[in-house]
Structure formats: structure tokens, C-alpha cells
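What follows is a single structure, written as C-alpha cells, with notes after it.
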Amino acid sequence: MPLPRPGPGFTSKKRRILERLAVPEGEYTDLSPKGSVDEGIRGLIGEINSFDGLVTTSSCAGRVSVFVEGAKRGSEAEGGEREGRRGLGAGTRAAAGGKGGGGRWLFVSHDPLSGPGDGGGGDVVGLLGLAARGRVETEASLADDEAGSGKGRRLIHFKFEPLILHVLASSLRHAQIVLKGGLQAGFRESGAHGLVPAAGSAAAAATKATPPSHPCSRSWAAPPEQDQAITPMVAIRSMGLGFESLIGYQSTDGENHLVVSPEYLWSLVGIANERFKENTKRIARFREALEGGMEKEANDGGGGGNGGKGGKRGDGENGEWEDTGKRRERKRVEGLRKAEEARRRKVVHREAGGTGEEEDLMTTMPGT
């Protein structure tokens, strides 16, 4: 059964997204801190968007960052008054460890970092964007700083995050292929939402069937009119590959204080670089799994509406790609040739004095 063709709503969304991505690199900008598509996954983004039923909506190839967290929710009245004087209302405060509410980036990189062993500089404090005046403190300073009980103090985090990718799918079956590829590649926390039509929509009224809780299940198939209206969003991600460490705090006067040694910071950089390598391997596996999944659907469904070439690799002459039409014609010609060869053998056998019955049995036996 071929993949369903994208509906007009999905096609319109994809066209707008691709128009934005087509803007020259020097002029392109988006809502991410970097403001553009990461270099390391541009090829992957292009491949995903080449399929009719898929389009990427946001992505990050993976990054290492150092940031000052924002003002916390539920802080003491004194802390709240201090933030009020800075123009930060209660509605802008961040959850514990978050960057909202006045938090800011000190350093962000989407590539591995160079350490002393890689020919890089030895100033890890400067490398990570920490102020030169920041001083190395002992861990006890987190509890006994000059602000008293840490009021108004903001923690500084070192964090590594692997690939996160959001793909809008034109149908449940398209979403299944993407999600299955992500899980197989090692992005174990991948998932999807938007698996049922919105309440009150025509598609929701078209059927009362209940979809499975897991989108990889094939035990339930939406009717065509419903499937066209469902456009799931698939998130490819892995929480297990990421890690985070507290490395200091920022006092009320804006000064950064480290509570770890430079040697410890270099250790974090080394761990992040190793995670970058594993992240790259998983991205490659996801890319291969997605291509294989879409190709399999094209082969099984005779092409379908996924924009791929229906057919089979390696069956044509010299092992090249052979589309469905050519393969069907080749099989038809081969069948006619075999039938003609069988007829000629029967004629020769009869002319030699046989009855032809033995040949009839031979040519009708399974597998001959």
C-alpha cells in the first residue's frame, strides 16, 4: 500500500518553511540563539525535506554551552524586589536551572572544542566565556558567599545537549518511519504528538476508531480521509547523551565566581568532545535508517506519495537502481521467454518420440 499523498494544508506549510530555508545564508535568520541551520546537519535537513511527506521545523545538531540561569520562581520577597528593580516581573522568572528570567549565554558552540592536547589555548576560563575577573572559589563558597544564603545569586551551568530535531509529517505512516529511525539510531527519548485529529474536525467525525498509544504500532490504520488531516510532529532526541554540571555562580554585582578548578573545566570539555563524537555517529545511523525506511515503503508500495522512486536496488542490469515500471516489464519479458523455452522443449521431446507428458509435469512443478 503506497504512502498517502500530502494534503493541501501540509503542502502549504512545507512550502512556506522551504521558502525561508532558501534564503541566502548571509540573510537567513531564525529564532534560535545561533540564528541559522547548523552546518553539521544541513545535509540531513536537505534529505528529510526532499521527501514529499516530511519537513523539518526546528533543529540543533548538538551543542556545548555555558550559561547563567535566570531568576528563580518563588524566591524570597527581597529577591523579588531586587528583580523588580531590574525590570523582571514574576512572570519572566525561570524554573530552577532555566535560562529565562534574565539568564544569558556566556558561551555556545556546535562543534567540539580544542584543548591543550589539540593545539588549543590553555585558558579554559576565557575559552568558555567566563569573565577574566572571575575567581576560582572552593565549593564551600556556594553556601557561604557574601550575599548570605545565596539570595540573588545565579548559578552558572556547563551543559552538553545532543541532536534535537522536529519533523512535521503529513501522515501517521510518515511519522512512523521517522520515529522508528530515531529509536533505532539511539535517540531513545524520541516521540510524537498530534496523532489524532483535532476535536470537532471533519476527520474526527469521519471515524470513531481509536489509534494505538504508540505510533510505531501497525495494528491500526486511519481511514484515508482521517490520515490526510493528521500531521504528527516527531521529535528526535536523546536525554541520556546529554549532561550538565554546575561550575560557579554570578553574584548580585554581576561578577562570575568559579567553584571548580580549571582542570575540572578541561575534564568537562573532554567529556563534551566525546559526546559530540557519539552524537555524530547516531546522526549518521538515523540518516541511514530514515533513508532505508522511506525506500522500503517505496518498494513495498509501488512508489506512493512520498516522492521517492518505487523500485528495487540491485535487480537491474549491472546492479543499478531499477524503478517499479522497468522491473515489472523485465519480469514480464522473462516470463514470456521462459514460456517459449518450455514450449520448444516440449516440441523437441515429441519429435523424438516422447508423449510430452513428462515435460508438462516438469514445466508445471513449483520452482521450475
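What to note about this one:
- Ranked by how many other beta carbons lie within 10 Å on average, peptides 103-112, 62-71 from highest: 62-71, 103-112
- With all protein chains modelled, accessible area of Glu351 [1.4 Å, Å²]: 150
- Mean Cβ count within 10 Å, highest first, over the residues of peptides 262-269, 14-21: 262-269, 14-21
- Two-site label geometry, Val333 and Arg350: point separation in nm, points 7 Å out along Cα→Cβ: 2.9
- Ordering 245-255, 336-346, 46-56 by mean Cβ neighbour count within 10 Å, with the highest value first, yields 46-56, 245-255, 336-346.
- Heavy-atom accessible area ranking, 1.4 Å probe, most first, across Ser171, Ser58: Ser58, Ser171
- Segment Asn49-Phe243, extension gain: residue separation times 0.36 nm, minus the distance between their alpha carbons: 66.8 nm
The values are calculated or read from the model by the stated rules, or taken from the named source; none is laboratory data. No experiment lies behind these values; they were computed from the predicted model shown. Neighbour counts run over all protein chains shown; Cβ positions are idealised from the backbone, glycine included. With ligands, DNA and RNA removed, areas are computed over all heavy atoms of the protein, side chains included. Shrake-Rupley method; radii C 1.70, N 1.55, O 1.52, S 1.80 Å.
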